[in-house]
1. Sequence gap at least 6, Cα distance under 8 Å: using those rules, report the relative contact order of region 53-108 to the nearest whole percent.
2. From Cα pairs below 8 angstrom and at least 6 apart in sequence, can you work out the relative contact order of the chain, rounded to a whole percent?
3. Evaluate the charge dipole of the chain about its Cα centre and quote only its size in Debye, nearest 20, assuming +1 on the Cβ of each Lys and Arg and -1 on the Cβ of each Asp and Glu.
4. Given N residues in region 160-267, what is Rg(Cα) / (2.2 N^0.38 Å)?
5. Report the one residue of S103, I116, G172 whose Cα lies farthest in the direction of the positive end of the charge dipole of the chain (charges on C-beta: Lys and Arg +1, Asp and Glu -1; origin at the Cα centre).
6. For region 105-237, what relative contact order do you get, as a whole percent, if you take Cα pairs closer than 8 Å and at least 6 residues apart?
7. With the dipole of the chain worked out from charges on the C-beta (+1 for Lys and Arg, -1 for Asp and Glu) around the Cα centre, which of T266, T59, V249 lies farthest toward the positive end?
8. Using Cα positions and a limit of under 14 Å, work out the aspartates and glutamates in reach of K207, with same-chain residues fewer than 8 apart set aside.
Amino acid sequence: MGVPVRVWPRAPLMSNKIICDRNKKSQNIKSILLKKLKGKKIRSRAVIVIGGDGFMLKTLKKNKNSSNLYYGINSGNYGFLMNKFSPEKTINNLFKAKMISISPLEMKVVNKHGIIKKSLAINEVSILRQSRQAATLQVTSGNKNIIKKLTSDGILVSTPAGSTAYNMSVHGPILSLNSNKLSISPISAFRPRRWKGKIVSDKSIIKIKNLNPIKRPISAVADNIEFRNAKKIIITTNKKIKFNLLYDVSRSLQKKIKIEQIRRETN
C-alpha cells in the first residue's frame, strides 16, 4: 500500500460532495459545514463523509469504482478512519489534507449448500463460531499449511488499516500501512493454546476450511457483512481497487497507527 501525497485543484462545492449519516450530530455538522463552505471552493474529487467508522466503510464500499477522495469527519465514537471536526479548522484542514490509498480484502465464501458469496473488507475478515461449540479450522496460504487444526472461537485476517480495530482487541500485531502484510490472528484459541497467529504477505491467497461444518458451524464476516454456515473461505487482497482517503496533516492514519504501536510497546 503506497502513501502518495498530491496537491489537487479546487472546484466549486456541489450538494453531492457531502455524504452524511442520519443521526442528529452528523446533520448538525453538515449544517455548519454548508454555511462555512458557501461561496468557497474545495479540492477536485473530494467528498466529505460525516459519520463514524462504520458509515465510512459502508460509503467506500458503495463507491468502490469511484476515484473520489474521501475526507471523513467523525461524529461517532472512536473514529479511527475519520478526522476530528472543528468549526474553525476543518475547512482549512481539508485544503491541506494528505491522501493515502488502501486496497481492501476480497472474501469469497462457499456455504454448506455450495452457494458462493463475495464481499469486500477494508478492516478485516472475521471467522466466528456460530453456536456454543468452538470452531475447528484449517488455514492455508498457497500450498503451505499455516495451521492444520485450530480449535477456537474463530480467526481474523486483518489489513494494516484494520490492524488497530478488532485485530488489536484479540492481541493481533499492529501493521504499518506500507508493510504490504496481512495479520492472521486467532480468537480465544483453545488448541493449540500458544498459537499466536502469523503475519503473511498481502499477495497471499488465504484459505480457511471448516473441518466440522455440521457440528461446528461458522460465520464469515467482511467488516460488518455476515454470511452464515460457511464451509470454505478464500481471502485475497484486491489490488485493483484503491480507496483514496484524506487525512489532516497532524493526525494522519499513519500517525494514528504509530501511536497505537507505541502504546502497545510501553504497556
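1. Averaging sequence separation for qualifying contacts and normalising by length gives 30 percent for region 53-108.
2. 22 percent
3. The dipole magnitude comes to about 360 debye.
4. Rg over 2.2 N^0.38 Å, computed on Cα atoms: 1.22.
5. My answer, from the dipole projection, is I116.
6. That works out to 33 percent.
7. T59
8. Within the straight-line cut-off, K207 pairs with E106.
Values in this text are rule-based calculations from the coordinates and carry no lab data. Please read all numbers here as calculations on a predicted model, not as lab measurements. In this analysis, Cβ positions are derived from the backbone assuming ideal geometry, glycine residues included, and neighbour counts consider all displayed protein chains.
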